[in-house]
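What follows is a single structure, written as structure tokens, with notes after it.
The values are calculated or read from the model by the stated rules, or taken from the named source; none is laboratory data. These numbers were taken from a predicted model, which means no experiment stands behind them. Cβ atoms come from the backbone with ideal geometry, glycine included; neighbour counts cover every protein chain shown.
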Amino acid sequence: MLVVVLSTAWQAQAQDANAQYPSMAPLDQYLMTDRNAEIALARSAAPEAISRDADVLVLGRHGYETAVKGKNGFVCVVERGWMSPFDGDGAVNFWNPKIRGPICFNPPAARSILPMTYKRTEMVLAGQSKAQIIDGIKTFIKQGLRPLEPGAMSYMMSKEQYLTDDDHHNWMAHLMFYTPLMDGVVWGADLSNSPVMLNPQFRGAPEPIDVFMVPAGWWSDGTADPVRVR
Amino acid sequence: MIALGVFALVIVLGEWGQALAQDPKAPCATMAPLDQYLLMVDRDAEIAMARSAAPEAISRDADVLVLGRHGYETAVKGKNGFVYVVERSWMLPYDDPEFWNPKVRFPLCLNPPAARSHLPLTFNQTALAFSAMSKTQMFDRTKTAFDKSELPVPEPGSMCYMLSKQQNFGPKYGNADPHLMFWFPQKDHKNWGADFPGSPVDVHQYSPQPIAEFVISASKWSDGTAAHTNVH
């Protein structure tokens, strides 16, 4: 089980004093007191037909724990702000304690992407700074990171997701596809009228993964995503 | 440059009439006269249709192929590695009633990995259709080609855009909806949660191709106008 060093958690001070969330908030702000609510939120990332048979993880004081054992190889989990990029515009939410990113990984992603969630979370809970986390991930990539499996993808279709403090907290229902680092142009990402977006999440800084996103069009509960046409 | 060699099989136009007669009761039971599949009377129209598969920001720098009497030809040489092509009905599954429907048009925008690994299949199927084979013969030849690795499986990252309002899947589906397709070597389709209720992912597996084709609807046509997609 992951080690939590609560006494040092608050020492994980970020460098950007101008950011709205310059450093780690008290750990309790990142946790959900209602375990069942976190399970439900995690499952809401994908249609019920998928998530009902998935493993479900919840975040505890010592890291992620398996709350429900599934049988279809998918893993649903609520990620926190520290899965954001370390730098750039996307980094503004890195320490935002309100961020809740329900996500259901398909089996290849559960095996080859989820370990990065574990690793970042482990180091955050150990009270490490961004710089220390980056160094730790670089070491992890060299020593312990499994190769990316073909076909790794995930669902983020929860209407309850909180991905930004902007007006549309839940942004959009979308799917994510994981590839080795490549030029986003290869998928036509982020071009005018293209439905494909390149997520700034990893991009080799330092995880050697690119994440492409495609709008899903509706939430996991079947209701339309009105933000979809943009 | 994409090799068109596979497509350089001999066309025996005199045998057109023999590419006939599986089920005379079924719609488009046999191949129609070649001219009905071609748009050569207006080459520019086929180029424009091909380019309508994806947003202009992609298409303006891509290769564009057109179908002629001797197969696909490069009509426009691009520089971004994408390739546009209007596929015909013989890219459908062999048991599809529209397999020989000459009105079917599939404008595709292939990204560079797909251009390398999907186009050989397009050329292969087209060559077989042009050689007046029966569907059974086409099936067997394609299966053998994959078995012998003469046809490639999809490269990692292979995908394409199908966002053209002009696409025509036949009388049942019309222009369907705009969508993206992702190709992989054949896998258990449940790995993507495809075809589950509420999932935005569909999967196609066309025997004898050892390929899984995942389909995700898009919100807009390539011209930026909104499409209307229903929850599965």
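In the stretch A:203-230, the qualifying residues are those that are under 26 Å from B:Glu155 (Cβ atoms) and without any contact (Cβ under 8 Å) to a residue 60 or more places away in the chain, and the one that is surrounded by the fewest Cβ atoms within 10 Å (Cβ to Cβ) is A:Gly204. Please work out which residue is farthest from the chain's Cα centre (by Cα), limiting yourself to the stretch B:62-95 and to residues that are assigned to a loop (DSSP other than H, G, I, E, B) and more than 14 Å from chain A (Cβ to nearest Cβ). Per the stated criteria, the residue is B:Lys77.
Run down B:Lys148, B:Lys143 and say which single residue is without any contact (Cβ under 8 Å) to a residue 24 or more places away in the chain and farther than 27 Å from A:Val185 by Cα. So that I can check it myself, show each step before the final result.
Working: B:Lys143 fails: without any contact (Cβ under 8 Å) to a residue 24 or more places away in the chain.
After ruling out the rest, the residue left standing is B:Lys148.
Given the options B:Asp42, B:Asp35, name the one that is closer than 19 Å to B:Phe123 by Cα and at pLDDT below 90. Before the answer, list the steps.
On the way: B:Asp42 fails: closer than 19 Å to B:Phe123 by Cα.
Within the list B:Asp42, B:Asp35, the selection yields B:Asp35.
Being more than 27 Å from A:Met182 (Cα to Cα), within 14 Å of chain B (Cβ to nearest Cβ) and assigned to a loop (DSSP other than H, G, I, E, B) is not true of A:Asn96.
State the number of residues belonging to the stretch B:36-54 that are within 14 Å of chain A (Cβ to nearest Cβ) and out of contact with any Asp or Glu (no Cβ under 8 Å at 6 or more places or on another chain). The qualifying residues number 3. Determine, yes or no, whether A:Pro102 is part of a loop (DSSP other than H, G, I, E, B), more than 22 Å from A:Thr139 (Cα to Cα) and either touching a helix residue (DSSP H, G or I) at 6+ places or on another chain (Cβ under 6 Å) or within 13 Å of chain B (Cβ to nearest Cβ) (or both). No: the conditions fail for A:Pro102. Beta carbons closer than 7 Å, at least 6 apart along the sequence or on distinct chains, pair a first residue in the stretch B:199-215 that is among the acidic types (Asp, Glu) with a second that is in a strand (DSSP E or B) for B:Asp202/B:Val215; B:Glu213/B:Met181; B:Glu213/B:Trp183; B:Glu213/B:Val203; B:Glu213/B:His204. Hey, does the stretch A:82-89 have a residue that's surrounded by 21 or more Cβ atoms within 10 Å (Cβ to Cβ), hydroxyl-bearing (Ser, Thr, Tyr) and either away from chain B (no Cβ under 14 Å) or not in a helix (DSSP H, G or I) (or both)? Scanning the stretch A:82-89, I find at least one residue that is surrounded by 21 or more Cβ atoms within 10 Å (Cβ to Cβ), hydroxyl-bearing (Ser, Thr, Tyr) and either away from chain B (no Cβ under 14 Å) or not in a helix (DSSP H, G or I) (or both), so the answer is yes.
Is there a residue in the stretch A:77-93 that is within 19 Å of A:Ser220 (Cα to Cα), of a type in the set (Lys, Arg) and in contact with a strand residue (DSSP E or B) (Cβ under 9 Å, 6 or more places away or on another chain)?
Initial filter on the stretch A:77-93 (within 19 Å of A:Ser220 (Cα to Cα)): A:77-79.
Of the ones still in play, those that are also of a type in the set (Lys, Arg) are none.
No, that holds for no residue.
Filtering the stretch A:192-202 to residues that are within 11 Å of another protein chain (Cβ to nearest Cβ) and crowded, with 18+ Cβ neighbours inside 10 Å leaves A:Asn193, A:Ser194, A:Pro195, A:Val196.
Close Cβ contacts (under 9 Å, 6 or more residues apart or on different chains) running from residues in the stretch A:130-158 that are within 14 Å of chain B (Cβ to nearest Cβ) and within 25 Å of B:Gly157 (Cβ to Cβ) to residues that are β-branched (Val, Ile, Thr) and in a helix (DSSP H, G or I) comprise A:Tyr155/A:Ile50. Just one residue in the set A:Ala42, A:Ala37, A:Ala67 is out of contact with any Ser or Thr (no Cβ under 9 Å at 6 or more places or on another chain) and outside any strand (DSSP E or B); that residue is A:Ala37. Consider the stretch B:167-215 and keep the residues that are under 16 Å from the mean Cα position of the chain (by Cα) and among the aliphatic types (A, V, I, L, M). The one that is farthest from A:Arg111 (Cα to Cα) is B:Ala176. Residue pairs whose Cβ atoms lie under 6 Å apart, sitting 6 or more positions apart in sequence or on different chains, and linking a residue in the stretch B:41-52 that is under 13 Å from B:Gln167 (Cβ atoms) to a partner that is at pLDDT below 95 and in a helix (DSSP H, G or I), are B:Arg51/B:Ser59.
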